[in-house]
Amino acid sequence: MIKAMEFSETATNEIQKCLGCLKPFCDGCPAKTHIRDAIKLIKEGRELEAGAMLFRNNPLSAVCGAVCPAYKFCNPTCIRFNRGMGVDFNAIENEVSKKFLDSDFKFEREVNANPKRFLIIGAGAVGLSLSFYLSVAGHSATVIDNNEKVGGMMRYGIPDCRLDKTLFDKIQAKLESVGVKFEMKTTADLVNIEKYLDKFDKVIVSTGAWESKKLGISGEERDNVFGAIEFLAAAHNALPKFADGEVVAVIGGGDTAIDCALTVKVANPKSRAIIVYYKDANSLKCAPRERQMAKTMGVEFKFDSSTKKIDERGLVFENGETLNCDKIVVAIGQNKPQFKTENPNIFFAGDCKNGTQTIVECVAQAQEIFNLLSDNKN
Ligand SMILES: Cc1cc2nc3c(=O)[nH]c(=O)nc-3n(C[C@H](O)[C@H](O)[C@H](O)COP(=O)(O)OP(=O)(O)OC[C@H]3O[C@@H](n4cnc5c(N)ncnc54)[C@H](O)[C@@H]3O)c2cc1C
Ligand code: SF4
């Protein structure tokens, strides 16, 4: 029996769609989320166990439930997908995981005969998940991060209208309860990373990719032009002020561009946010859900418009057209940082290694590193 009262109508519908296949096909999650087993537990009224199972596999399950682009991963692998009945696990995962985070369930630390000291630089998707896996396995895991609060890009990049940031405080509390130590507002010396091996057996660098790419065109240095990451991180601390009718052009066609445009509309719904993309509408790289959200909030789109330069009017396109605007945000991706070490006890993971990706792919990399480090040879 589904406890319909405890789930939203959306989640209840998705739970009901699941056939509980003997051999589940829904294996498209990079972090290997056990969708069938979680839904089975929920159907049996064992939501807390389902939440614990999801968290044990992916401590960011509540976050993934809210913002994971599941349409790329697990949704299409459901056996009912081709008949338009594919189970959308997002809503279920988000609700059951939030309930779990509000519970006082505590994970047991395993007894480890050969515990090691791990330093993880960066409290983002990789740092949070890896520190949890290591700590539960009986190792010592210390996470340092230069921000005030944990969550990395998920907290400081993704706008509040898409993700409830209080989740990170609850996730942090669960991690601390198994022994993860956090040292926030602490900047690691990434030039001399080896020095940390004096105090730690292994160092994992998961510092993300926080430098916005530049267009490399004339006028980009003007003081009304901002990089997307700097714009979003500043907005996290205090929403920017835009006058009624003020025009903000956001150059780009991915999730980051959408997030910048959403931020403008949240700051002042009467301002104008225009996403300027050099390709057509079908080539947008953002998730359909986010695109719909942007449309609902009144974000405008200008397609097939390649920016040639920026001047006092705003954007000047290759075809000679112009777009008058007051502010410009450049959201065309991030540069990967460069590191100079080949020390076998230093590992790199997440966006700082692979460029911008998704939260669930970062969790999958944390799982891979954990498996590698758990190997007796390491
Ligand atoms: C705007 C935006 C929206 C996104 N939306 C989604 C989405 O909807 N769904 C999705 O799945 N993915 C999304 N992503 C991608 C996802 O957020 C990232 O792939 C993921 O969070 C990266 O995790 P990470 O652990 O590699 O690094 P980060 O999350 O970037 O964490 C790195 C941490 O290290 C800290 N750090 C850096 N240098 C140092 C130093 N020297 N010392 C100490 N600390 C340091 C940083 O401040 C940061 O807190 C989005 C990305 C962006 C930019
Ligand atoms: S493949 Fe679809 S229907 Fe079958 S167990 Fe997985 S989610 Fe349920």
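The values are calculated or read from the model by the stated rules, or taken from the named source; none is laboratory data. It should be emphasised that the depicted structure is a prediction, and the values quoted were computed from it without experimental measurement. Neighbour counts run over all protein chains shown; Cβ positions are idealised from the backbone, glycine included.
Annotation for the stretch 247-264: no member residue is over 26 Å from Gln357 (Cα atoms) and among the small types (Gly, Ala, Ser).
Set side by side, the residues Lys195, Lys174, Lys214, Lys170 differ, and just one is at pLDDT 95 or above, of a type in the set (Lys, Arg), more than 9 Å from ligand 1 (Cβ to nearest atom) and part of a loop (DSSP other than H, G, I, E, B), which is Lys214. Set side by side, the residues Ala123, Ala141, Ala113, Ala209 differ, and just one is in a loop (DSSP other than H, G, I, E, B) and over 25 Å from Ala66 (Cα atoms), which is Ala113. Looking across the stretch 56-96 at every residue that is without any contact (Cβ under 8 Å) to a residue 12 or more places away in the chain and assigned to a helix (DSSP H, G or I), the one that is nearest to Leu134 (Cα to Cα) is identified as Phe81. Suppose we keep only residues that are out of contact with any Pro (no Cβ under 9 Å at 6 or more places or on another chain) and surrounded by 14 or more Cβ atoms within 10 Å (Cβ to Cβ) within the stretch 230-247. Which one would you say is farthest from Glu211 (Cα to Cα)? Per the stated criteria, the residue is Glu246.
Residue count for the stretch 340-374, restricted to those that are over 20 Å from the mean Cα position of the chain (by Cα) and either assigned to a helix (DSSP H, G or I) or not assigned by TED's automatic domain parsing to the domain that holds Glu194 (or both): 4.
The residue that is farthest from Cys64 (Cα to Cα), among those in the stretch 13-29 that are part of a helix (DSSP H, G or I) and free of Cβ contacts under 8 Å to residues at least 24 places away in the same chain, is Gln16.
Being in contact with a Phe, Trp or Tyr (Cβ under 9 Å, 6 or more places away or on another chain) and among the hydrophobic types (A, V, I, L, M, F, W, C) is the filter here, so list the residues in the stretch 89-122 that pass it. Hits for the stretch 89-122 are Ala91, Ile92, Val96, Phe100, Leu101, Phe105, Phe107, Phe118, Leu119, Ile121. Counting residues in the stretch 130-139 that are modelled with pLDDT under 95 and polar (S, T, N, Q) gives zero. Just wondering, is there one or more residues in the stretch 114-121 that are surrounded by 17 or more Cβ atoms within 10 Å (Cβ to Cβ) and closer than 23 Å to Thr358 by Cβ? Yes, the stretch 114-121 has at least one match.
Residues that are surrounded by fewer than 15 Cβ atoms within 10 Å (Cβ to Cβ), closer than 22 Å to Glu230 by Cα and either among the acidic types (Asp, Glu) or within 16 Å of ligand 2 (Cβ to nearest atom) (or both) within the stretch 313-342 are absent altogether.
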